[in-house]
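> Pasting a structure here, questions to come.
Readers should treat all values here as calculations from the given coordinates under stated rules, not as data from a laboratory. Values in this document were obtained by computation on a predicted structure and should not be read as measured data. Positions of Cβ are backbone-derived with ideal geometry, glycine not excepted, and every protein chain shown enters the neighbour counts.
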Amino acid sequence: MADLQETLGKVIRRERQQRRLTMRELGERAGLSEIYVGEIERGQKYPSARVLESVAAALDLEVAELLELVATELREASAAARSRTAGLGFGFGRPEPVRSSIGTQEKGAASSEPLAAQQVLTMASFSSLLLAGRLGEAAIRRSRR
């Protein structure tokens, strides 16, 4: 599992660099020292909620947006770790929970529930296809003996 403190720093660094800000500039905008910004980015310091608020504002983000970026990074790292543990890189580890974004769509937009169900079916079909392929390969190998 990815380390929250390091992941938070990684996301803050990435967002700062995308905005072409130096650590000094981010620190000035957030009311922090350049050294403290660097320590946060390297995962050496765990910022308080107030510091997170000021960093998010300095990056022109809402705190929720910053935290969602961190959550996404953690999910991706967790999925990658599960794939590596499975040995195939196709997600044969623990299945990812399907998250619905109902209530977050614009007015008049179609519900995301059918899409979530479709994603589950697609993932199940893909997994079945891979499993069938592996079983088929084993049968072919046995028949060649």
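> I need GLU15, GLU28 ordered by Cβ neighbour count within 10 Å, fewest first.
Details: GLU15 20, GLU28 15.
Fewest-to-most ranking of GLU15, GLU28: GLU28, GLU15.
> Express in nm, to one decimal, how much length is gained between ASP3 and ALA80 on full extension, taking 0.36 nm for each residue of separation and deducting their alpha carbon distance. Don't skip to the answer; put the middle values down first.
Details: separation 77, 0.36 × 77 = 27.72 nm, distance 1.39 nm.
Length difference between fully extended and current span is 26.3 nm.
> How big, on average over all directions, is the shadow cast by the Cα convex hull of the range 10-73, in nm²?
Values: hull surface 14.7 nm².
Across all orientations, the range 10-73 yields a mean hull projection of 3.7 nm².
> So, R0 is 22 Å and r is the distance between the beta-carbons of ALA49 and GLU25; what FRET efficiency does that work out to, to 0.05?
Numbers: r = 23 Å, r/R0 = 1.03.
About 0.45, to the nearest 0.05.
> Same structure again: Can you sort GLU41, GLU34 so the residue with the fewest Cβ neighbours within 10 Å comes first? Write out the running numbers ahead of the final one.
Values: GLU41 22, GLU34 14.
Exposure proxy ranking, most exposed first: GLU34, GLU41.
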